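These notes concern the structure reproduced below.
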Amino acid sequence: MLGEYPISGKRAVEISASVERAVAEGGLEPGQLLPPMRELAQRLGVNPNTVAAAYRTLRERGVIETAGRRGSRVRPMPATTGRERIRVDVPQGVRDVSDGNPDTALLPSLVEAFTAAAAVADREPVLYGDAFLEPGLARGARSRFDADGVPEGPVGVASGSLDAIERVLMAHLKPGDAVAVEDPGWGSMLDLVPALGLRLVPVGVDDDGPLPGDVERALRDGARALVVTCRAQNPTGAAVGAARAKALRKVLAGHEEVLLVEDDHGHGIVDLPLHPLSGVTHHWAFVRSVAKAYGPDLRLAVFTGDSATVDRVRGRQRLGPGWISRIVQRAVAALWSAGAVDAREVAASYGVRRDGLIAALAERGVEAHGRSGMNVWIPVPDETGAVARLLHAGWAVAPGARFRMNAGPGVRITVSRLGVEEIEAVADVVAAAVGPVPERYYA
């Protein structure tokens, strides 16, 4: 059953560490069945309760899953082996359109904003016990939320979108709870949920975002939370439109106890209007990162939500990191005040490349999707083969396995590194690599 890999240990912590180490090193593969608890206990010479405790720890850490009499097995994508490891090694001379980074030419200069923020810090150093939220950042965030119709609520700040979402989920959920997530969807989210000891429930998406029927089924079957990407969905470029938002609000109105988390990381790089869902359920959070528009290294996201949710997140932050650097907060507030990023200009730049590639692929009979943002999702019948053929042709793309659970195979191309003059050439090699177009491009 376990091949040549022995599980070892006398205590629960030792046994669970042995299994987790084996998964990380590849000794135990995703989907591999583990021994029944009594059998392993006999083999190790320990009490079955010790093995049961080890397996429970592994489930809570997102390493294994248990299906009753069918036993325990390594998760198809255990938290120990993050989806970021599903990538293509890019040889020298190969063009990399796989990494999801923004176009650095569209990022604003940070010099003046940080110089001014540091000058304030020199005059008025922030010390332990001082306010954790920069007033200018809070005002700027709240005014932008108001302008987009996001419901009233206190403002918080976190170290990026994923940090904020993790804290919101942990403020309400317990290990074993189910979270409905988009499929295909953000690979980091698909890693985070099981790493928190929570269960993933896939929800299909199309160009307008999550499918209402799938959301209804997930919530009816007991999902305690739903995570939705408002715009520039990764990897498909989906954006929730007015009609889809209305349908999703209707579904959520029948499940008011569900925690809703909205991720608007596309703010600043998308010119499509926002149609927020927040406010329908009792507990909700709306998160905005500055990474795509201002630079990933800023590591800052603002969020709002119902008072209880925001208060719980703030309380846990005080016990952990304490606060997000007020210097960084001031710098971001200054960038907002100065209008350092023109969302329409950035959206147009990405749109020319994204729409141009989709149109060129359509001319060659290849279906592709990307309504907003910087990514194009291309369904393929043979994902591994397509990735290999594109690499051989000189182009590194992101394998769809990083982003999907039940959805069909595909590849993602990030257009931020793509020149307009390269579109036709890329379309040619993609058309040659992907083969026949599948009938359905999502689930």
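The values are calculated or read from the model by the stated rules, or taken from the named source; none is laboratory data. Please read these numbers as outputs of a predicted model, since none were measured by experiment. Every residue, glycine among them, receives a Cβ derived from its backbone with ideal geometry; neighbour counts consider all protein chains shown.
At-a-glance table
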read-out: Residue within the stretch 237-250 that is within 15 Å of Ala158 (Cβ to Cβ) and either assigned by TED's automatic domain parsing to the domain that holds Gly156 or not β-branched (Val, Ile, Thr) (or both) present; value: no
read-out: Index of the failed condition, Ala147 passing every other in (1) surrounded by fewer than 22 Cβ atoms within 10 Å (Cβ to Cβ); (2) in contact (Cβ under 8 Å) with a residue 60 or more places away in the chain; (3) over 24 Å from the mean Cα position of the chain (by Cα); (4) under 20 Å from Val287 (Cβ atoms); value: (2)
read-out: Output for the stretch 376-400, where each listed residue is crowded, with 18+ Cβ neighbours inside 10 Å and in contact (Cβ under 8 Å) with a residue 60 or more places away in the chain; value: Val376, Trp377, Pro379, Val387, Leu391, Trp395, Ala396, Val397, Ala398, Pro399, Gly400
read-out: In the stretch 190-211, residue farthest from Ala308 (Cα to Cα) [restricted to those that are modelled with pLDDT of 95 or more and surrounded by 23 or more Cβ atoms within 10 Å (Cβ to Cβ)]; value: Val205
read-out: Residue match in the stretch 267-278 (condition: farther than 28 Å from Asp103 by Cβ and in contact with a helix residue (DSSP H, G or I) (Cβ under 8 Å, 6 or more places away or on another chain)); value: yes
read-out: Every residue from the stretch 207-253 that is within 22 Å of Ala285 (Cβ to Cβ), in a loop (DSSP other than H, G, I, E, B) and of a type in the set (Val, Ile, Thr); value: Val240
read-out: Test: residue in the stretch 120-134 that is at pLDDT 95 or above, among the small types (Gly, Ala, Ser) and outside any helix (DSSP H, G or I); value: no
read-out: Flag if Asp214 is under 20 Å from the mean Cα position of the chain (by Cα), over 20 Å from Ala164 (Cβ atoms), of a type outside the set (Val, Ile, Thr) and buried (at least 18 other Cβ atoms within 10 Å of the Cβ); value: yes
read-out: Test: residue in the stretch 325-340 that is of a type outside the set (Gly, Ala, Ser), touching a residue at least 60 places away in the same chain (Cβ under 8 Å) and part of a loop (DSSP other than H, G, I, E, B); value: no
